[in-house]
Structure formats: C-alpha cells, structure tokens
C-alpha cells in the first residue's frame, strides 16, 4: 500500500508544546494533578510500597527499550496475554543510582520481590511473573492520560497547531494499539518526574500525602477553570491556605496508605512547615519555598511537554 511521506515541517516542537502548556496551565492543572494522584495510588496499592513498584516499572521500561531498539511493537492485549515476561538484566548499583535508593534498600526490595515470586531467575533469564500479585494493568492510567491529552490537544487545535481534534477514545486506542512504544515514552516521562519530587520530599509516601493535600487545595482555589492565569501566580494561590482542608482519614482513603503511616508522615510535614493544620484538624499547604516548587513544577512540565510532543506527532503521521 502506497503511503504519503509525512511533512517534517508540520511536526510540533517540544518548546512550542511547553509554551502552550505554560500558557494554559490553569486550564489543565486540575486534570493533571488528578492523574498524578491516581497514578500514585495505583502504584502504592500494588505492593503497599512505592519503591518496589518503581523498581518494577524501571525494569519493565528497560525491556520496552529493547523492544523499541529492535523495532518490536506489541499492542496492549498481546503484551498482557502472558503473565510471565522476560525482562532485562539488572544490577543493584544501577537501581540504587537511577532510582535514588540506597544500595541496602535496593537489595532488600529486590530480594522481597524475589521472595514473593514476582521476580525469578531462570538460568540467564530474569522473569517478571505478574500472576504472583494482583498487578494492575494500566488501563485506568491510559484512560486518564488520554483524557488529559485530549483536553490539551483541543487547546492546540483552537490555537491552530493541529488540524483536527483528537478525542480521548482515539488517543486511548492509539496508545493501546502501539502499547510498548507509547508506554516506553510514558515511563520516560513518569519515572524522572516522580523521582524529582521524591528527591525533594525524601520518600514517595511523603510526597504522595503532601500532593493530595495540595491537590485538594487546587480544586478549591482554581475557581474559574476557563480563566487563564500566570502559572507562577496560580501556583502561589494553590500553595496558600484556602478551601476547606482535608483530614488524615480522607488522605488515607485517597492515597491507599494506612492511616497510621499517613499520621506519621503528616507529623514530619508539619515539623518542616510544609503543611499547616487548622483548629478543625484539617490540613492545608504550608510554607514551601515558592521558587523551589515552581522550579520542580517547571521540570515536570518539561517532561510532560516532551511526552505530549512525541504522542501528538505520532498521531499526526499515523
């Protein structure tokens, strides 16, 4: 079948995507925050441990890189047809360095994954056995990121950067059809994004809990979702005390993290003044340095821009 050669000049650049995300941040922030908190919850409930989940997706990403480098592309159904998949070899030093985990912790987490049968060594092969735990297929994550991208691409169409609207279903179907390649791109965004926040807060659970408190505040403080607001100004409003706050039990329910752990992490956040508590024992964002948060958010938006740019360009040429 004859195929037209796609126009190189019509491809969007990462810089242009970043400008549009930055300019329309107030229209996108709630759906973006919601996606990240849903993803963190899904990551935690799989093992009751964020670090183990990050180790697994780090190893899966290596395998997807192998597929991509060898022009292998599996769709969603084919990829999940078998419960056991071979993953790339790894060593503890690289896991420790790449995922900001101490060597002792990385070794212990890997041993725990081997003990429950999730990771198995079969001669020279390393097998990931998804049947040993209730592994969640990323169907919900694909749906949520597709919904976010559809909303953003509607903005791109409105501003003349793409010539048609990409619905959530169209994007979702494309990602599933080209799953191993698209999800490799997703992990290339998501892994460094969450590690940036972990580095700031010390561990994933603390960031997860803080993020839920901030997310609740963003829903209350972004009163007009159709009003364009400067990103730094918007972040300043989100980090201010506002809305009705949230209690520890609700944080536990939304995160999937046990209440005892939530209470312990909240005490540390209060001690560092990263959150505050009111007379009703409801928690609000605290005194995080605005520039520090803006810089972190900036790095996250650059990673999102690169991912969005690659997906929209793939959609335009296919």
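The values are calculated or read from the model by the stated rules, or taken from the named source; none is laboratory data. Bear in mind the structure is a predicted one, so any value in this text is a computation, not a measurement. FYI the Cβ positions are ideal-geometry reconstructions off the backbone, even for glycines, and counts take in every protein chain you see.
Quick notes on this one:
- Subset tally (residues that are touching a residue at least 60 places away in the same chain (Cβ under 8 Å) and crowded, with 18+ Cβ neighbours inside 10 Å) for the range 101-118: 3
- Residue match in the range 217-228 (condition: closer than 27 Å to residue 155 by Cβ, in contact with a strand residue (DSSP E or B) (Cβ under 7 Å, 6 or more places away or on another chain) and either modelled with pLDDT of 85 or more or part of a helix (DSSP H, G or I) (or both)): yes
- Residue match in the range 266-273 (condition: closer than 17 Å to residue 29 by Cβ, in contact with a strand residue (DSSP E or B) (Cβ under 7 Å, 6 or more places away or on another chain) and in contact (Cβ under 8 Å) with a residue 40 or more places away in the chain): no
- Test: residue in the range 106-113 that is under 22 Å from residue 310 (Cβ atoms) and in a helix (DSSP H, G or I): no
- Lone qualifier among 178, 173 - being closer than 16 Å to residue 313 by Cα, surrounded by fewer than 17 Cβ atoms within 10 Å (Cβ to Cβ) and modelled with pLDDT of 95 or more: 173
- If you go through the range 18-34 and pick out every residue that is surrounded by fewer than 19 Cβ atoms within 10 Å (Cβ to Cβ) and within 19 Å of residue 210 (Cβ to Cβ), you end up with 2.
- Against the test of being farther than 23 Å from residue 308 by Cα and either at pLDDT below 95 or surrounded by fewer than 13 Cβ atoms within 10 Å (Cβ to Cβ) (or both), the options 67, 90 yield a single qualifying residue, 90.
- Checking the stated criteria, residue 67 turns out not to satisfy the condition of being assigned to a loop (DSSP other than H, G, I, E, B) and in contact with a helix residue (DSSP H, G or I) (Cβ under 7 Å, 6 or more places away or on another chain).
- Of the criteria (1) under 16 Å from the mean Cα position of the chain (by Cα); (2) farther than 19 Å from residue 82 by Cβ; (3) surrounded by fewer than 20 Cβ atoms within 10 Å (Cβ to Cβ), which one residue 139 fails: (2)
- Note on the range 121-136: among residues that are touching a helix residue (DSSP H, G or I) at 6+ places or on another chain (Cβ under 8 Å) and within 14 Å of residue 82 (Cβ to Cβ), the one that is modelled with the highest pLDDT is 128.
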